[in-house]
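Below: the structure, in structure tokens.
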Amino acid sequence: AAALAGRRTLVYLGLQDREHKPELLLHMLAQVRLRVPNVVLVMAGDTADEDQRAWLRKEAVRLGVADHLVWTGWLSRRQAWAWVRAAELGLSPIPRGEIFDASSPTKAVEYMALSVPVVGNDSPDQKLVIEASGAGICVPL
């Protein structure tokens, strides 16, 4: 991926639907790029909601991070994992709430299985997996 050459690479693997709050990643990226100007975030995945997709792209422009993003769209598992392996960190923000709090931290486990450290939040099972494995850190969402 030529877009990653010489860049500090972060990856988010997953759905970009409204309920997953992917805009949080754009806000995070806006802060990180102030300290790490060569950062790039690979958004590996997509949403079936065309309005959501368009809004995310506009939000990236508004926040000044459009040049720090790679939007892959839908990928096969093999393609997605190639992007993950190219990253220094895997991001796993799981919105808190009744449904997500009961979900399995699949994304974090996939990052770990691919030897990519995880930065996730304190969703109950995710926090347990990250802390028990020592393969990343949990931060407030």
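Some observations on this one:
- Residue in the range 12-30 that is in contact (Cβ under 8 Å) with a residue 12 or more places away in the chain, surrounded by 12 or more Cβ atoms within 10 Å (Cβ to Cβ) and under 17 Å from Ile130 (Cα atoms) present: yes
- Picking from residues in the range 71-110 that are farther than 12 Å from Ser123 by Cβ and among the polar types (S, T, N, Q), the one that is surrounded by the fewest Cβ atoms within 10 Å (Cβ to Cβ) is Ser76.
- Test result for Ala60, at negative phi and surrounded by fewer than 16 Cβ atoms within 10 Å (Cβ to Cβ): no
- Residue check for Pro140: surrounded by 14 or more Cβ atoms within 10 Å (Cβ to Cβ) and touching an Asp or Glu at 6+ places or on another chain (Cβ under 8 Å): no
- Some residue of the range 69-85 being more than 27 Å from Gly6 (Cα to Cα) and part of a helix (DSSP H, G or I): no
Each value in this text was obtained by applying a stated rule to the coordinates, not by laboratory testing. All of these numbers come straight from a predicted model, not from anything done at the bench. FYI the Cβ positions are ideal-geometry reconstructions off the backbone, even for glycines, and counts take in every protein chain you see.
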